[in-house]
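This report refers to the structure that appears directly beneath it.
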Amino acid sequence: MSTAETTSAPTQAPRKINIQVLGPIIALVVLVIVGALMNSNFLSYANVTNVLARSAFIGIIAVGMTFVITAGGLDLSVGSMAAFIAGLMILVMNYLLPSMGNGVPIILVGMLAALVAGLAAGFLNGFLITNMRIEAFIVTLGTMGIYRSLVTWLADGGTLSLDFGLRQTYRPVYYEGILGISWPIIIFALVAIAGEIVMRKTAFGRYCAAIGSNDQVARYSSVDVGRVRILTYILLGVLVGVATIMYVPRLGSASSSTGVLWELEAIAAVIIGGTMLKGGFGRVWGTVVGVLILSLIGNILNLTDFVSPYLNGAIQGVIIILAVILQRGRKAEG
Amino acid sequence: MTSATAALSLEGIDRSFGPVQVLFGVAIDLFPGEVHALIGENGAGKSTTMKIMGGYLSPSHGTVSVGGEPVRFRSSDEAEAQGIVMIHQEFNLAEDLTVEENVFLGHELRKGLFLDKKAMREETVALLDRLDCRVDPKARVRDISTPDKQMVEIAKALRRDARVLIMDEPTAVLTNREAEVLFEQVDRLRSQGVALLFTSHKLDEVKRISDRVTVMRDGHVVESRPTSELTADSMAEAMVGRELSNLFPKRSAEISSDIALKVSNLTVPGHATDVSFELRRGEVLGLSGLIGSGRTETMEGLVGLRSHEGTVEIDGEAVKITSPRDAQSRGLVYLTEDRKSRGLVLNMGLRENLTLQSLPRFAKPFLDQKAEEEALDKAIKDFDIRAPDRSMKAGNLSGGNQQKLLVAKIMLAEPRIVIIDEPTRGIDIGTKQQIYEFIHHLAAEGVSVIVISSEMTEVIGLADRIIVMRQGRVAGEVSGAEKTEDAIVRLAMGLGARETETTA
Ligand SMILES: Nc1ncnc2c1ncn2[C@@H]1O[C@H](COP(=O)(O)OP(=O)(O)OP(=O)(O)O)[C@@H](O)[C@H]1O
Ligand SMILES: [Mg+2]
């Protein structure tokens, strides 16, 4: 039931400039222009820093998600994983406070705990998916529920708060930076750049795409498919840890509502950026653009009273669907 | 209507992909009750022409007529409705469905509201029987072998009362015996007045079953005449545009006496039992046997793609191989017979496919794109890969050129022992010669080669020694003067080999 492919006229534009590459960037530019026209504060230093710092958490996670999705996987658990890690980190630091005292070392121990927890959680997802051969959707749906419930339980249904003194010590990690750029933005930028390099310039990135396209071919080509898959989940887990490290000092607390829907925002950013949901092709810079698009929509709606901010979700939804329609265009052409 | 009216005809067909034109004014007439062969080098445009006939592609210019009436197919369904059925070079089966579900896909039999599974099962069994194919109708297509997939494709096409049947390299994966079964069906259809068109790179079979031959070169029809006026050699010349000398080069190099690979009692559950053989350094060993004899599965077991038992020694050292990675780290590499679903990542570029198997060599730690491009240059030159555009996706190469890329990819891994399963599947005769030379060259350099091929002449021409398998066991071995088609067939069919000695 195949349809005859209609002729692509030889007068077609050169293939380097195509809508799939430029689409997300154009959308971003349009949003910036719209925002600037609608509100003079939009391009102010304060607003720009605010938008970027808030997108950093989702952004760092979405970079990891790009690898998972490119390799043909999916991770629904990242939001609850972030909440769980945040809770764990707070508990560890509060617990160690009497013995270690307030200061930089205890914060470093907390950070280390977050990274280790992220690594372990990512490994668990990856292990269940690759070694036990359970669908990624099922596994991460399961762990999503588990982590969410664990953090609720740890907080006894309420909120876990970081000790007030510790909060003061930790605060600068979110609120300060260098040269007027706050730490979350710097870390996000570093993660994104590293991610882009890994995706395009290393064997690991190439393997992810090959596995996502056709894991049989990868296996026949001597690629250790299981190991690469697990590594994508571990990488994502560690990045969730990094995001949590940046997030905790912002509010100094964690509860059952921490990180709700982060997984969907991260996945949406990846898709808007042009990575294929079914795997086989991914680009990290696209994900970064996707994250920015999503945060700008929210920001613009908040700054203007043209459209109600309550419609934020609807507009984001439309953009996601548009992005997928564009992707399909590319597939039919190839 | 008289037989002077073509059942299907093309006139002045042009076709371009993006800026690249691949067909130029192609004209072909298919007559009822005639078997028409379309031949040409890899990338000449045969598959593209056929897809236009079958409604899978539309022409940029030109007319397609059915029974003398110009038509414009918007989809393959419209072509099928007119009785034009096509079997693709790269299979068009739903891998996750069963054999019988595929045979009836889109044409399910119904009893009232429900599917009539019983009738479909019976008809599938009957069809497969007619093709002498023993595949289980309930087996998932992804689990059956490549030749069986081809048979399922043929069964599927036979079901659709075709007026015009188009087959793109139907015999590429079949042994002579299975091809004969197909030709019986072709004869039957011809006598029923069906117009048939097929392509093949096996020119002897073109000579044998076709009534008319059309030759394409670089997107043009260069010749079309009754088969009786041509010989296999003159066809090859018309295709390639030059004279072809001996297809199989003479072996000159000495085979060393060192044992490179020793396999004892290799058992791959369900496919092979107690297979033992030795392979010397610089030797070319052929592996023959009918489809379903377990040739491919044995070798897949050997390189760790399937679970297996038995002992394997490489260069005298016992090794445990549980994955293709293990095997490759010992210099043992396997080239799959199934290029589409196991060989190439179709939606990746040529460069990415070429280096996938040897990527660690290009990562220092960042991928050296320049070195990769150089490797691609070399592969294009060594294997004569004809790609209209270097940056195209592997899936857009013509079938034979995909195969060349696959061979290049395996060779880039610099194996010391290489197992090549149907190395020249779908490759034109000119390039075949180049690949044979390449294999001999490898052997002369001390690489040990195992060749699996359903083309008897290929195994006989290439190999120093041939092991014949039957029902998962080694049935015997032939070498030297006994390397005849007859001896191999006798062993493969279990008729007992009169003068052949059997291996331990
Ligand atoms: N979708 C596509 N996009 C770009 N180029 C294509 C596409 N399909 C085919 N081509 C090009 O068209 C040319 C003709 O291809 P075609 O598949 O018709 O060759 P063929 O004669 O069937 O060769 P083979 O014997 O190798 O099967 C080739 O150069 C091929 O790369
Ligand atoms: Mg072809």
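The values are calculated or read from the model by the stated rules, or taken from the named source; none is laboratory data. From a predicted model like this one, the values you see are computed outputs, not experimental measurements. Every residue, glycine as well, gets a Cβ built from its backbone with ideal geometry; the counts of neighbours run over all protein chains shown.
Give me a count of the residues in region A:272-291 that are part of a helix (DSSP H, G or I) and buried (at least 23 other Cβ atoms within 10 Å of the Cβ).
7
With respect to residue B:58, is the statement that it is surrounded by fewer than 24 Cβ atoms within 10 Å (Cβ to Cβ) and within 13 Å of another protein chain (Cβ to nearest Cβ) true?
yes
Restricting to region B:412-443, name every residue that is of a type in the set (Ser, Thr, Tyr) and away from ligand 2 (no atom under 15 Å from the Cβ).
B:436
Search region B:150-167 for residues that are part of a loop (DSSP other than H, G, I, E, B) and pair each with any residue that is of a type in the set (Val, Ile, Thr) and buried (at least 24 other Cβ atoms within 10 Å of the Cβ) when their beta-carbon atoms are under 9 Å apart and the residues are at least 6 apart or on different chains.
Final answer for the pair search is B:162/B:84; B:163/B:84.
Give all pairs with beta carbons closer than 9 Å in which a residue from region A:213-224 that is touching a residue at least 60 places away in the same chain (Cβ under 8 Å) meets a residue that is surrounded by fewer than 23 Cβ atoms within 10 Å (Cβ to Cβ) and basic (Lys, Arg); count only pairs at least 6 apart in sequence or on separate chains.
Correct list of pairs: A:214/B:342.
Please go through region B:4-32 and pick out each residue that is within 14 Å of chain A (Cβ to nearest Cβ) and under 13 Å from residue B:49 (Cβ atoms).
B:13, B:14, B:15, B:22, B:23, B:24
Is there any pair with a first residue in region B:382-409 that is at positive phi and a second that is more than 12 Å from ligand 2 (Cβ to nearest atom) and modelled with pLDDT under 90 whose Cβ atoms are under 9 Å apart and which are 6 or more apart or on different chains, and what are they?
That search, which allows pairs on different chains as well, returns B:384/B:430; B:384/B:431; B:384/B:434.
From the residues in region B:389-411 that are outside any loop (DSSP other than H, G, I, E, B) and surrounded by fewer than 21 Cβ atoms within 10 Å (Cβ to Cβ), which one is farthest from ligand 2 (Cβ to nearest atom)?
The selected residue is B:393.
Within the bounds of region B:396-414, is there any residue that is within 11 Å of chain A (Cβ to nearest Cβ) and among the acidic types (Asp, Glu)?
Looking through region B:396-414, none of the residues is within 11 Å of chain A (Cβ to nearest Cβ) and among the acidic types (Asp, Glu).
Is it the case that some residue within region B:448-459 is closer than 22 Å to residue B:199 by Cα, in a helix (DSSP H, G or I) and among the acidic types (Asp, Glu)?
yes
Scan region B:99-115 and tell me whether some residue there is within 16 Å of ligand 2 (Cβ to nearest atom), out of contact with any Phe, Trp or Tyr (no Cβ under 8 Å at 6 or more places or on another chain) and in a loop (DSSP other than H, G, I, E, B).
no
Please name all residue pairs, on different chains or six or more residues apart, with Cβ atoms under 7 Å, provided the first residue is in region A:167-186 and is more than 24 Å from residue A:288 (Cα to Cα) and the second residue is among the polar types (S, T, N, Q).
What qualifies is A:169/A:102.
Just checking, does region B:86-96 include any residue being buried (at least 18 other Cβ atoms within 10 Å of the Cβ), more than 14 Å from chain A (Cβ to nearest Cβ) and within 16 Å of ligand 2 (Cβ to nearest atom)?
Within region B:86-96, one or more residues are buried (at least 18 other Cβ atoms within 10 Å of the Cβ), more than 14 Å from chain A (Cβ to nearest Cβ) and within 16 Å of ligand 2 (Cβ to nearest atom).
Is at least one residue of region B:45-52 in contact (Cβ under 8 Å) with a residue 60 or more places away in the chain, within 16 Å of ligand 2 (Cβ to nearest atom), closer than 16 Å to residue B:212 by Cα and of a type outside the set (A, V, I, L, M)?
Taking every residue of region B:45-52 in turn, at least one turns out to be in contact (Cβ under 8 Å) with a residue 60 or more places away in the chain, within 16 Å of ligand 2 (Cβ to nearest atom), closer than 16 Å to residue B:212 by Cα and of a type outside the set (A, V, I, L, M).
For region B:11-25, what are the residues that are surrounded by fewer than 23 Cβ atoms within 10 Å (Cβ to Cβ) and not polar (S, T, N, Q)?
Hits for region B:11-25 are B:11, B:12, B:14, B:17, B:18, B:19, B:20, B:22, B:24, B:25.
For region A:159-241, which fully contained helices (runs of 4 or more DSSP H) count at least 1 residues that are aliphatic (A, V, I, L, M), at the interface with chain B (Cβ under 9 Å from one of its Cβ atoms) and under 30 Å from residue B:305 (Cα atoms)?
Ranges flagged: A:203-213, A:215-220.
If a residue must be part of a loop (DSSP other than H, G, I, E, B) and buried (at least 21 other Cβ atoms within 10 Å of the Cβ), how many such residues does region B:414-429 contain?
8
For residues that are crowded, with 21+ Cβ neighbours inside 10 Å and either at pLDDT 90 or above or not assigned by TED's automatic domain parsing to the domain that holds residue B:12 (or both), tally how many sit in region B:220-230.
1
In region B:67-85, how many are surrounded by fewer than 18 Cβ atoms within 10 Å (Cβ to Cβ) and within 11 Å of chain A (Cβ to nearest Cβ)?
Number satisfying all stated conditions: 5.
Would you say residue A:259 is of a type in the set (Gly, Ala, Ser), assigned to a loop (DSSP other than H, G, I, E, B), buried (at least 24 other Cβ atoms within 10 Å of the Cβ) and away from chain B (no Cβ under 14 Å)?
Here the answer is yes, as residue A:259 does meet what is asked.
Look at residue B:494 and say whether it is surrounded by fewer than 24 Cβ atoms within 10 Å (Cβ to Cβ) and within 16 Å of ligand 1 (Cβ to nearest atom).
no
Please find, among B:363, B:379, B:327, B:318, the residue that is without any contact (Cβ under 8 Å) to a residue 12 or more places away in the chain and touching a helix residue (DSSP H, G or I) at 6+ places or on another chain (Cβ under 8 Å).
Checking each option against the conditions leaves just B:363.
What is the number of the single condition among (1) assigned to a loop (DSSP other than H, G, I, E, B); (2) more than 13 Å from chain A (Cβ to nearest Cβ); (3) in contact with a Ser or Thr (Cβ under 7 Å, 6 or more places away or on another chain) that residue B:432 does not meet?
Evaluating residue B:432 over (1) assigned to a loop (DSSP other than H, G, I, E, B); (2) more than 13 Å from chain A (Cβ to nearest Cβ); (3) in contact with a Ser or Thr (Cβ under 7 Å, 6 or more places away or on another chain) leaves (1) as the failure.
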